[in-house]
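Presented below is the structure to which this report refers.
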Amino acid sequence: MIITDNLTKWFNDILAVDRVNLHVKKGEVLALLGPNGAGKTTTVRMLTTVLRPSSGTAKVAGHDVIIDDGQVRAAVGVLTEDHGLYNRMYIREYLDFFGQIYGMAAENRRDRIDYLLGKFDLLDAVNLSIGKYSKGMRQKLSLARSLLHSPPVLLLDEPTSAMDPASARLVRNAIKTLRSEDRAIIVCTHNLAEAEELADKIAIIRSGKIIASGSSEELKEQLLGPGEYQIQLAQALNNRSLPLPPSAELTERGPDWFRYRVTSPENVNPLVLKNLISAGFAVVRVEEIKRSLESVYLQAVNQVQDEEIKHVD
Amino acid sequence: MWINLQKAMIITRREIRDQFRDWRIITPIIILTVFFPGLMNFTAQQAVDFVSKYGAAVIADRLIPFLLMVVGFFPISVSLVIALESFVGEKERRSIEPLLSSPLTDVQLYLGKLMAVMFPPLIGSYLGISVYLIGVFRQVGWVPDTTLLIQVIALATVQSLVMVSGAVVVSSQTTSVRAANLLASFIIIPMALLLVGESMIMFWARYEVLWWAIFGQAIIAWLLIRTGIAHFNREELLGIELDTLNFPWAWQVFKSAFIGQPGPIWKWWRINVWGTLIKLKWSILLSLLFTIAGSLIGSTQAEVFSIPADVLDWGYLEEGLVTGIEEIGPIRFFSIEGIGIIFIHNLRAIALASLLGVFSFGVLGIITLVLPFSIIGYFTAIASQTGLSPWTFLLGFVIPHGIVEVPAIILTGALIIHLGLTLVSPNDNYSIGEAWIRTLGDWTRILLLVVIPLLLVAAFLEVYITPLVALEIFSK
């Protein structure tokens, strides 16, 4: 649904997006993570054809962003960084205006507007001009606008920013529903928990370059190394040596617990337990150490930063 | 076209509705539509009463149509304010991106905005004219001639189109309302001058001349709309660097355009000079046609403004040529100083034409260049009225140096047209500014390497050869 091939954007002599390759299938959500100015919005703007790529290609819903720009725009629902609302309008007329632009029939527009207003809890606000809306309401209205024409591709730039927790939950649930409706979705976000919750794939972008990509688990494996496990024992370890197989690497030990890394836990963990029991240790608990996406993200960003410093030196 | 209009109307309807909810727009329109014509009625009444006391009814006769034009113009002035912020205002309010990301085409978006900013003030203008006409009929019983009424309505419409289309171009090419307002002087000043000209026509009561004003403004409006659509660029509307003056960048662009493709001198000449001349072929043809048309128009004026035969006696001319040719007017023939005078004069004419061309899509520049040809055409026709063969006249006074000078002027005209066309032609690779600077590079190269050498040769011929040829012909 969304394929980019070495997508690049220069603004005069500034390289904003550097050979970005993305592949998002139907029913998939890709989270584009990165610091401010990393190139997330520029990438999205190229996918909406508002910006013209300097080199490389991109196809959205089967249409080339340079050759079939009109068809790309018709196939995309976009939640822009700025909400893009008209303060003197009312919600129904605002959505109806965009419905007309997208060529929707009057009856279809009416039904769809009613549905979306209900879905995003905006029915109580129909008699207020948009200028009187709170930030969260504006964000929900923008999202409703992007969904109005039921686009097969959704590009959402910071979909839950400025929302209270309840509204953010509502929007996240909506995005999950949309994924199940076979849409391809790209979510640009700083919110790592949100990315982990929503995305099938995550791409970390820094200085216009994708520095890591894959599923949350793949990224953890790729950037933080093999999984880490902790075993809690019933008795103190004292100075006893641990009977670990060679494929398990001891990383830390405490008074009555220790941690180790393994590349294939399904094969090695039973062996670790068997060795411990044979050596007379009483095992209380075995657990996987949780690794957050935040540590993945920081690791990826720092790794690139270190490489850049080395390169400069 | 119909689909374009239908889609454009979606934007137009929304924007007009939005404007009608803004008291800052509605209040001046109402004042200028209702109260201002009332004031003009009062003025007309007072003027008629006053001048009739002194038997100068003609002043009142001229004042009433003039006020009709003024009443039609004032509501239109509001359109400038709305149009200036049409695109850039949305950009500042950060509401433009969803529109740019929508399936609307550039033409639909542009036309939608254009119509939205034009309709309310124009309706205000028509209403203002109606209110004034009703008032003036009730007060002094004046009813306009149908043609004059059509002219005033057409004038209001084209003035609105020119102002709006110019302002929308400005609005779509700037990144802040402040910058757009500053650039608005490029619209306000020419419009003010135009209004002064139109006022003179109204007081002069040469109403048929108004058709030319309407026609000229319609062409300028069309060129401005074309320019706006050609250079409408979604990316630049979201850009932040558009208003920043960047002289080093501009100089680099100009230099690279001026130098063109580097290479050995002959190859460089073939590609960058000859190649540019070939690129200019249609502009050259157009310039040639304008020159011919100018000459023909000039020759037709000999019938209207004829010179009595006794004033133009070729015998005197012959005598003058033989006895005092070295010092006719400011030109010193047969002297290096004369070459300098003629060369500098021609250079000044080219500079003036180019400058005027820059601000008028080339139109005023071409008129400036064609004017001398009209004069030549006029005098050739006058000469033929006195029995002299036009060919003898041309051979004696024009052809010896004109054979070099005329191509130089036609080429200058082509360069001016080319500069103007750059503004109205779409260019996917460069911004409007960059495309224009590149064309300026071509302009400078051809001017320095072709036009100026030709003018120097022409000045030499005019000072040393033309008088000899004239002597030879007219002394026989």
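The values are calculated or read from the model by the stated rules, or taken from the named source; none is laboratory data. These numbers come from a predicted model, not from an experiment. Heads up, the Cβs are rebuilt from the backbone with ideal geometry, glycines too, and the neighbour counts pull from every protein chain shown.
Taking the conditions exactly as written (part of a helix (DSSP H, G or I) and closer than 30 Å to B:Gly441 by Cα), does B:Ser354 satisfy them or not? Yes, satisfied.
On inspection, A:Glu266 does not qualify as at pLDDT 85 or above, of a type in the set (Asp, Glu), over 30 Å from A:Gly37 (Cα atoms) and assigned to a strand (DSSP E or B).
Using the structure shown, decide if B:Ile437 is part of a helix (DSSP H, G or I), closer than 20 Å to B:Gly396 by Cα and touching a residue at least 40 places away in the same chain (Cβ under 8 Å).
Details: part of a helix (DSSP H, G or I): yes; closer than 20 Å to B:Gly396 by Cα: no; touching a residue at least 40 places away in the same chain (Cβ under 8 Å): yes.
Judged against the criteria, B:Ile437 is not a match.
If we scan the range A:15-26, do we find a residue that is touching a Ser or Thr at 6+ places or on another chain (Cβ under 6 Å) and within 14 Å of chain B (Cβ to nearest Cβ)? Scanning the range A:15-26, I find at least one residue that is touching a Ser or Thr at 6+ places or on another chain (Cβ under 6 Å) and within 14 Å of chain B (Cβ to nearest Cβ), so the answer is yes. Restricting attention to the range A:43-87, the residues being surrounded by 23 or more Cβ atoms within 10 Å (Cβ to Cβ), assigned to a helix (DSSP H, G or I) and either within 8 Å of chain B (Cβ to nearest Cβ) or over 24 Å from the mean Cα position of the chain (by Cα) (or both) number 2.
Would you call B:Asp145 surrounded by fewer than 21 Cβ atoms within 10 Å (Cβ to Cβ) and within 14 Å of another protein chain (Cβ to nearest Cβ)? Judged against the criteria, B:Asp145 is not a match. If the condition is being away from chain A (no Cβ under 11 Å) and surrounded by fewer than 12 Cβ atoms within 10 Å (Cβ to Cβ), then the range B:1-22 contributes B:Met1, B:Trp2. Residues in the range B:429-476 that are in contact with a strand residue (DSSP E or B) (Cβ under 9 Å, 6 or more places away or on another chain) and either closer than 11 Å to B:Phe258 by Cβ or not aliphatic (A, V, I, L, M) (or both): B:Glu462, B:Pro467. For the residues B:Leu149, B:Leu122, B:Leu210, B:Leu183, the requirement of being outside the structural domain of B:Leu364 (by TED's automatic domain parsing) and modelled with pLDDT of 90 or more singles out B:Leu149.
May I ask you to say which residue of B:Leu448, B:Leu456 is out of contact with any Asp or Glu (no Cβ under 8 Å at 6 or more places or on another chain) and in contact (Cβ under 8 Å) with a residue 40 or more places away in the chain? First the steps, then the outcome.
Numbers: B:Leu448 fails: in contact (Cβ under 8 Å) with a residue 40 or more places away in the chain.
The conditions single out B:Leu456.
Taking the criterion of being within 11 Å of another protein chain (Cβ to nearest Cβ) and not aliphatic (A, V, I, L, M), the residues of the range A:103-137 that qualify are A:Gly103, A:Ser129, A:Gly131.
Comparison of B:Leu296, B:Leu237 shows that the only residue that is within 14 Å of chain A (Cβ to nearest Cβ) and touching a residue at least 12 places away in the same chain (Cβ under 8 Å) is B:Leu237.
Inspect the range A:95-102 for any residue being in contact with a strand residue (DSSP E or B) (Cβ under 6 Å, 6 or more places away or on another chain) and either more than 8 Å from chain B (Cβ to nearest Cβ) or not basic (Lys, Arg) (or both) and give the result as yes or no.
Taking the range A:95-102 as the starting set, the residues that turn out to be in contact with a strand residue (DSSP E or B) (Cβ under 6 Å, 6 or more places away or on another chain) are none.
There is no residue in the range A:95-102 that is in contact with a strand residue (DSSP E or B) (Cβ under 6 Å, 6 or more places away or on another chain) and either more than 8 Å from chain B (Cβ to nearest Cβ) or not basic (Lys, Arg) (or both).
Just need a number here: residues in the range B:295-345 that are modelled with pLDDT of 70 or more and touching a Leu at 6+ places or on another chain (Cβ under 8 Å). Summing the residues that are modelled with pLDDT of 70 or more and touching a Leu at 6+ places or on another chain (Cβ under 8 Å) in the range B:295-345 gives 2.
Scanning the range A:145-168 for residues that are outside any helix (DSSP H, G or I) and not aliphatic (A, V, I, L, M) gives A:His149, A:Ser150, A:Pro151, A:Pro152, A:Asp157, A:Glu158, A:Pro159, A:Thr160, A:Ser161, A:Asp164. Restricting to the range B:179-189, name every residue that is touching a residue at least 12 places away in the same chain (Cβ under 8 Å) and within 30 Å of B:Asp61 (Cα to Cα). Correct list: B:Ile188 only. Exactly one residue among B:Ala192, B:Ala205 is surrounded by fewer than 17 Cβ atoms within 10 Å (Cβ to Cβ) and free of Cβ contacts under 8 Å to residues at least 24 places away in the same chain, and that residue is B:Ala192.
Condition test on A:Arg138, is it surrounded by fewer than 16 Cβ atoms within 10 Å (Cβ to Cβ) and modelled with pLDDT under 90? Steps first, answer last, please.
Values: surrounded by fewer than 16 Cβ atoms within 10 Å (Cβ to Cβ): no; modelled with pLDDT under 90: yes.
Considered against the rule, which asks whether it is surrounded by fewer than 16 Cβ atoms within 10 Å (Cβ to Cβ) and modelled with pLDDT under 90, A:Arg138 comes out as no.
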